[in-house]
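Novice: Just passing along the structure, written as structure tokens.
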Amino acid sequence: MSYENAARAADYIRSKYAGDVETAVVLGSGLGAFAETVENPVRIPYEDIPGFARSTVHGHAGQLVLGVIGGVGVAVQQGRFHYYEGCEMQQVMLPVRTFGVLGAKRIILTNAAGSLNTDMPPGSLMLITDHLNMMGVNPLRGPNDDRLGPRFPDMTEVYDREMQSAAEKAATDISRERHESGRDAELQDILHRGTYCALSGPTYETPAEIRLYRKLGADAVGMSTVPEAIAARHMGLRVLGISCITNFGAGMSGQNIDHEEVMETGARVAEFFGELLLRIITNS
Ligand code: HPA
């Protein structure tokens, strides 16, 4: 069933967009503006795509944008499906699987996340080097469809090393160029590396939970990305994950966490973030 659902969605998308899809991008909360970068865009609302759920979260537009960025064929998900919305994991994974069926080789997953690391303040970006799945469920639970991938997929290297290197090089280049042109922003220092811990949400964590996840080795917490990363690796796609750090974990800063603040921080780093994504897509 899972493969057929992805094939049906892919057929519909192909009927609207004839170009190649080489790289897929999933934009997290507050990061949707990057979709404006797509040249000759074809926009398809999720509600038109067979099997796609509707995005109910404020800050997620709920459409797929297909086109070209710097000569590379892209499918950009402006808004994603979250487990906390009540979506089944099959629905959360469907867009990624659809991109796989459409022929995508790489996927860039982005999100807004809380920092557990005092050296990584809000406004930082974090390259995801590994993850902890603490959502309480594995998205691949259930019958395996061998057309998608193996029953027991290896997760030793979920996040592609070459794509990570390309991201770090892009950050260094942008930093150098900005420095040379007299602009002060040091993207080099903004881009960190770390382990992303996925929780089911929708509550933010308690301070006690944050202390627990810090002890477990997490650097950032969020409510997405891991199911999509697992679905993408299952299909053999190369995965890059980038978190936009919007706040410190509960109890770390003396401030409460609210969604508006999460969205505002996303908007604040949007320019850096967009430039970084653009270079990763065109240079890796
Ligand atoms: N916790 C979980 N998810 C989040 C957070 C957080 O602190 N910030 C943004 N998404």
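Novice: So, in Å, what gap is there between the alpha-carbon centers of region 78-146 and region 153-222?
Specialist: Answer, in whole Å: 14.
Novice: Rounded to the nearest 500, what is the chain's calculated 222 nm mean residue ellipticity when only DSSP H runs of at least 4 contribute -39500 (n - 2.57) each, over all residues?
Specialist: -10000 deg cm²/dmol
Novice: Something else: What FRET efficiency comes out for the pair E180/E39, r = Cβ-Cβ distance, R0 = 25 Å, nearest 0.05?
Specialist: In this case the efficiency is close to 0.35.
Novice: In whole Hz, with x marking every Gly and Pro, tabulate ³J(HN,Hα) for region 230-246 from phi via Karplus 6.51 cos²θ - 1.76 cosθ + 1.60, θ = phi - 60°.
Specialist: 5, 4, 5, 5, 3, 8, x, 6, 7, 10, 10, x, 10, 9, 9, 7, 9
Novice: Under a straight-distance cross-link criterion of Cα-Cα below 24 Å, which lysines are reachable from K16, leaving out those fewer than 8 residues away in the same chain?
Specialist: Correct list for K16: K105.
Novice: Nearest-5 percent of antiparallel DSSP beta bridges in the chain? Don't skip to the end; give the middle numbers.
Specialist: Numbers: 17 of 49 bridges.
The answer is about 35 percent antiparallel.
Novice: Now a separate question. Can you give the accessible area per residue of region 76-174, in Å², using a 1.4 Å probe? List each step's numbers first, then the result.
Specialist: On the way: 3980 Å² over 99 residues.
Per-residue accessible area for region 76-174 comes out at 40 Å².
Novice: In addition: If DNA, RNA and ligands are ignored and the probe is 1.4 Å, what is the ranking of L191, L240 by accessible area, most exposed first? Show your work: numbers first, answer last.
Specialist: Working: L191 25, L240 0 Å².
If we order L191, L240 from most to least accessible, we get L191, L240.
Novice: Over the chain, what percent of the accessible surface lies on carbon and sulfur atoms, probe 1.4 Å?
Specialist: On the way: 5730 of 12200 Å².
In the chain, the share of accessible area belonging to carbon and sulfur is 47 percent.
Novice: Something else now. Would you grab the residues whose amide H sits under 5 Å from the one on M252? Only those 5+ places off in sequence or on another chain, please, with H modelled 1.01 Å from N.
Specialist: The answer is none.
Novice: Calculate, in nm to one decimal, what D11 and T156 gain on full extension: separation in residues at 0.36 nm each, minus their alpha carbon distance. Show your work: numbers first, answer last.
Specialist: On the way: separation 145, 0.36 × 145 = 52.20 nm, distance 3.24 nm.
Stretched out fully, the D11 to T156 stretch lengthens by 49.0 nm.
Novice: Give me a comma-separated list of calculated 3J(HN,Hα) values for region 16-30, in order, Karplus coefficients 6.51, -1.76, 1.60 applied at θ = phi - 60°, integers in Hz, x for any Gly or Pro.
Specialist: 9, 9, 8, x, 6, 10, 9, 10, 9, 9, 10, 9, x, 3, x
Novice: Quick one: which residues, 5 or more positions from G241 or on another chain, have an amide H under 5 Å from its amide H? H modelled 1.01 Å from N in the peptide plane, none for Pro or chain starts.
Specialist: L109, I128
Novice: Continuing with the same structure: According to a simple spin-label model (label point 7 Å from Cα along Cα-to-Cβ), what is the distance in nm between D20 and Y84?
Specialist: 3.8 nm
Novice: In Å, what Rg and Dmax follow from the Cα atoms of region 156-263?
Specialist: Rg then Dmax for region 156-263, in Å: 16.3, 45.
Novice: Rounding to the nearest 20 debye, state how big the charge dipole of the chain is about its Cα centre with +1 on each Lys and Arg Cβ and -1 on each Asp and Glu Cβ.
Specialist: Values: 25 positive and 35 negative charges, 126 e Å.
About 600 debye.
Novice: Across all directions of projection, what mean area in square nanometres is found for the Cα convex hull of the chain?
Specialist: 13.8 nm²
Novice: Something else now. Charges at C-beta only: +1 for Lys and Arg, -1 for Asp and Glu. How large is the resulting dipole of region 49-138 about its Cα centre, in Debye rounded to 20? Kindly include the intermediate steps, with their values, before the conclusion.
Specialist: Numbers: 5 positive and 4 negative charges, 65 e Å.
With Lys and Arg at +1 and Asp and Glu at -1, about 320 debye.
Novice: Apply the Karplus parameterisation 6.51 cos²θ - 1.76 cosθ + 1.60, with θ equal to phi minus 60°, to every residue of region 192-200 and state each ³J(HN,Hα) to the nearest whole Hz, in sequence, with x for glycine and proline.
Specialist: 9, 10, x, 8, 9, 10, 9, 10, 6
Novice: Further question: I'm a student and want to see the number: the projected area of the Cα convex hull of region 14-118, averaged over all directions, in nm². Can you show the working numbers first?
Specialist: Details: hull surface 29.6 nm².
Hull-based average projected area comes out at 7.4 nm².
Novice: What do you reckon, how do S181, S115 stack up by accessible area (1.4 Å probe), largest on top?
Specialist: Greatest to least solvent exposure: S181, S115.
Novice: Using amide H atoms built in the peptide plane, which far-off residues or other-chain residues are under 5 Å from C197 H to H?
Specialist: Amide H neighbours of C197, under 5 Å, 5+ apart: L132, D219, A220, V221, G222.
Novice: Taking the dipole about the Cα centre of the chain, with the C-beta of Lys and Arg at +1 and of Asp and Glu at -1, give me whichever of A218, S124, M134 is farthest to the positive side.
Specialist: So the residue furthest toward the plus end is M134.
Novice: While we're here: Given charges of +1 on the Cβ of Lys and Arg and -1 on the Cβ of Asp and Glu, with all other atoms neutral, how large is the dipole of region 201-280 about its Cα centre, in debye to the nearest 20? Spell out each step's value before the answer.
Specialist: On the way: 7 positive and 10 negative charges, 97 e Å.
In debye, rounded to 20, region 201-280 gives about 460.
The values are calculated or read from the model by the stated rules, or taken from the named source; none is laboratory data. Just so we're clear, the structure is a prediction, and the values are computed from it rather than from any experiment. Please note: Cβ atoms are built from the backbone with ideal geometry, for glycine as well, and neighbour counts cover all protein chains shown. Surface accessibility is based on the protein's heavy atoms, side chains included, excluding ligands, DNA and RNA. Shrake-Rupley method; radii C 1.70, N 1.55, O 1.52, S 1.80 Å.
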